[in-house]
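No value in this document is a laboratory result; all are computed from the given coordinates. Computed from a predicted model, the values in this text were never measured in an experiment. Here the Cβ positions follow ideal geometry from the backbone for every residue, glycine too, while neighbour counts run over all protein chains shown.
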C-alpha cells in the first residue's frame, strides 16, 4: 500500500502540469485571509484536484520562508494518511499548490453541517487512528504539525483520512539548535497545548499530542472544549455575537448531557491532555492504546458518516455567511493557515493559564490566571487554582502575544533595573482600554518602558482596527439581509462606496504619477541620445 | 528464529561500516539479481534510519554526543560521504530523506572540537559539483540542494561554489517552474551570497561586471513576481552589509542600476516597492553622486517626492520613516549640475 503510494507519487509528479492553463477552476471550496482553495479539473490528466492559491504579496518575508518550507514538506512526504502536494508553481503573485481533492472535505465541516453534537465513538476511533498514523509518520520524519484539529483532517469519498495543512508545521531538523524545541507561537488557540500558550520553554512533539486530544474532544462534542465561554466585549466580538451567540448556549446544554463516551475514550484523551508534556504518550505509543483496538475499516465511515452528507461545494455555500465570522477570527489570529472548509464556529479567544482535564465529564476545565504570578511564572502548577472569572476575557490572543514579546525584549535592555514589568505584562488581564489604567496606576514604572509598550499596544490596536474595518465591509455586503436597520445599512453602503471611490482615485493618482515618471524617462533618453 | 539469538546492539562504528559495505555493493553491482538487490536496499534503508536516530535522537531520547562523535569519525575515515551522494538516486524516497538528514547533521558534528566534515570536503571538493548539478534533476533537487546548503556552512566550500561555473546557473535554477525546487535554489543562492562576509565581498568585487549584469537583467527585471521580490530583498541585504561597502558604492553610482530601481519603485506590489526603497536610498544618500545620477533624480524630483509622500510600510517602522525623511531631504536639496 505504502509502496504503491510512493510509485503513484513518482509518476504523478511528472504528470501534473506546472501551468495554470492546464487547470480549469470549478468552484471555490474554502477561503481564508490570504488563500483560497478551489476545486479544479486538471485537463491534461483529467483528474479533479484541489488548488490552494496563496497570495504571496500579502505575506511577509518570514511567511515566505514558511511557505517555502511547506512546499518542500508537502512534496517530500509520502504516507497514505498525509496530504501531499502534486506540484506547486507561481501564477503572478500567487502560489498555486495542487493537491488531491478530498471530496468529503474536512471533519470540521462534516461535523458542522451534519453532526453538530459530535459523531459516534466508532467513527471517532477510525478517524483518530488514521490521523495518528499520519502524525506518527510526520514525527518520525522530524516534523511537527503544530495545528492538529478537525479542520485539518480531510476525508475522501472512500472514507480514507488524511492529515493536511502544513502551513505552520515546523521542521525540527532544520532549526538551528539541536534540541527539539521551538519557540514560535503558531496554531489555533483552542487546540494549543499549555506549553505552547506559555511558550517560554519551547515545545516539541508532545504539543501535537495535546492538540490531538483536543481534536478527539472536538469530534466527540462537535466543537473544541471551551468554545462555549462568553464573549468579550470587544467590538470585533459584538459583530459576530449577533450571528452565533444564542446557538452556542443551546448547544452547550445538549453537550453536557452527553455521557455516552466510553472509558477507553476518556482514558485515551486523558493521556493526551496531561499537563506535563513528558508524561504524554508518543504517537507510536498512543496507537497501541486500547481505544484503537478492534477499530473498524474506512468503509464504516462511508456508511455511517458520509451518507446523505451535502457536497463540499454546497457546504461551503451554506456557510458562506458564517464564513465572514470565521474569517474575522482568522484575521485576528493573524493566522495564515487555511482550512479546507471553514466552518461556522466563531471562535472566542480568552486567556487561560492552564487546563485541567476532567475525566468524568470528559471536558477540559479551564484554569484562569489568579493574578500576575500565575501568568508570569513558567510553572503551570500555579495556574491550577481555579478562578473562573468570565470577565477576564482577552479578545485577541494576538495582542497578548505581541505584548509578551515586546516586554521580553525590553526586559533584556533593562537588565538590572528593578522596574516592575509584570504589571505591564498583566495588561491582558482585562481588555484593551483597561490596560492604560493599570499601567498608569503603577508609579514605579520606567517611563520609557511604558511608552514603549503603549506604542506596541497602539500598533496592535491599529492593526485590529484595520481588520475590524475589513470585517465590517465584509459583513456590510450581507447586512441588508440580517440587520433590520435599513437606514444604517444604507449609510454603511454609502460609506463603502465612498471608500471604494477613494481607493480608485488613489490608484488613478498613482497610475498618473508612474506614467509621468515614464514620460520623464523617455524624455531623458531622447535628450541624452541627442546629446551624443 | 533469528529473534531467539538477538544480536547485541551494534555500535555506531559498526553501523557506519555496514552502511559503507552495502553502498559499495549497490554502487558496483548494478545488474545483480533482483531479489538480492532488494534485500540489500532494504538493509541499507534500515541502517540509514538507525544512523539518523543516533544523530538526531527520537521522540523519546536526545542524541548522545559520544555516539555522534564516533559515528562522524568513522564516516569520514573513508569515502562514505561520496558513496552516499553517488548512490542517492538509487535509493527510495525515505532512504534519500534519511541520508540527506545524516549528511546535513554531520556538517555540524565536532570531533575533538574540529569540524572534520570540512576537512573531508576540502579534499573532495568535486562532490560540490554533483550537489550543485542536482537542481537540474527534479527528483534529486531537494535532496542534493539540502545537502549543498549544509556543506556551504564551511567557508572554504562556499568559496569553491561561488567561484565555480555553477554560480551562473543559479540565475536559472531560482526561476525553475517547480516552486519547491526554485525556492530551494533561492535559499541556497541567498546563503552563498550572505553567509561568509569576507568571501562574499571578495567574490562580488572580483565578479562585479557579469554578476550584476545577470542580476539586473535576469532577476530584477524578471517577468516573474517571486523572482523580482526575492532578488530585490537579497540585493538590499547584500548592499547594506558593511563588508560590501565598496560594491555598494559602485552599484549606487550606475545610472542603469538607478533606472531599474526606479522601475521597481513603481511596482504595484507594496512588498517590492518597500524593498526597492531600501536600495534606492543608497543612490540618494550617496554623497559623491555622479552627475548623471543627479540629473535623473532632479528630473524626476517632483514625481519621486509625490511617490514618497504617501509611501509607508503596512507596519509602522521608525527606521523606515527616518530613511525616507533623509531621502526626501536629499532629493529636495539637489541642484542640477553641468557635465
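Estimated from the Cβ-Cβ distance and a Förster radius of 51 angstrom, the FRET efficiency linking residue B:33 and residue B:169 is about 0.85. Pull out a ≥ b ≥ c, the square roots of the eigenvalues of the alpha-carbon gyration tensor of the range B:1-156, then state rounded if a/c is under 1.5, prolate if not and a/b is larger than b/c, and oblate in the remaining case. Cα axes put the range B:1-156 in the oblate bin. Rounded to the nearest whole angstrom, the semi-axes of the ellipsoid equivalent to the range A:20-176, taken from the Cα gyration tensor as √(5λ), stand at 24, 21, 15, largest first. For the range A:28-83, the Kirkwood radius over C-alpha pairs fed into Stokes-Einstein at 37 °C and 0.692 mPa s yields D = 252 µm² per second. Mean projected area of the Cα convex hull of the range B:14-79, taken over all directions, amounts to 4.9 nm². Taking 1.002 mPa s as the viscosity and 20 °C as the temperature, the Stokes-Einstein diffusion coefficient of the range A:62-126 based on its alpha-carbon Kirkwood radius rounds to 148 µm²/s. Projected over all directions and averaged, the alpha-carbon convex hull of the range B:74-202 occupies 7.7 nm².
Run through every distinct alpha carbon pair of chain B and return the Kirkwood hydrodynamic radius in angstroms, one decimal place. For chain B, the Kirkwood estimate is 23.1 Å.
Take the Cα of residue B:221, step 7 Å toward its Cβ, do the same at residue B:298, and the gap between the two points is 2.7 nm. Calculated FRET efficiency, residue B:82 to residue B:249, Cβ-Cβ distance, R0 = 41 Å: about 0.45 to the nearest 0.05. Enter the angle in degrees (range 0 to 90, nearest 10) between the Cα long axis of helix B:93-106 and the first principal axis of the Cα atoms of chain B, meaning the one along which they spread out most. The helix B:93-106 is inclined about 70 degrees to chain B.
Taking 0.692 mPa s as the viscosity and 37 °C as the temperature, the Stokes-Einstein diffusion coefficient of the range B:163-250 based on its alpha-carbon Kirkwood radius rounds to 250 µm²/s. Over the residues of chain B, the helix contribution to mean residue ellipticity at 222 nm works out to -21000 deg cm²/dmol, using -39500 (n - 2.57) for each DSSP H run of at least 4. Remark: spin-label model distance residue B:197-residue A:288 equals 5.3 nm, labels positioned 7 Å along the Cα→Cβ axis.
Approximating the spin labels as points 7 Å out from Cα along Cα→Cβ, the residue A:313-to-residue A:454 distance works out to 5.6 nm.
Seen against the Cα atoms of chain B and their longest principal axis, helix B:225-239 is set at about 80 degrees. Shape class of the range B:209-334 from the Cα gyration tensor (axes a ≥ b ≥ c, square roots of the eigenvalues): rounded, since a/c falls below 1.5.
Taking Cα atoms only, the orientation of helix B:270-285 departs from the longest principal axis of chain B by about 60 degrees.
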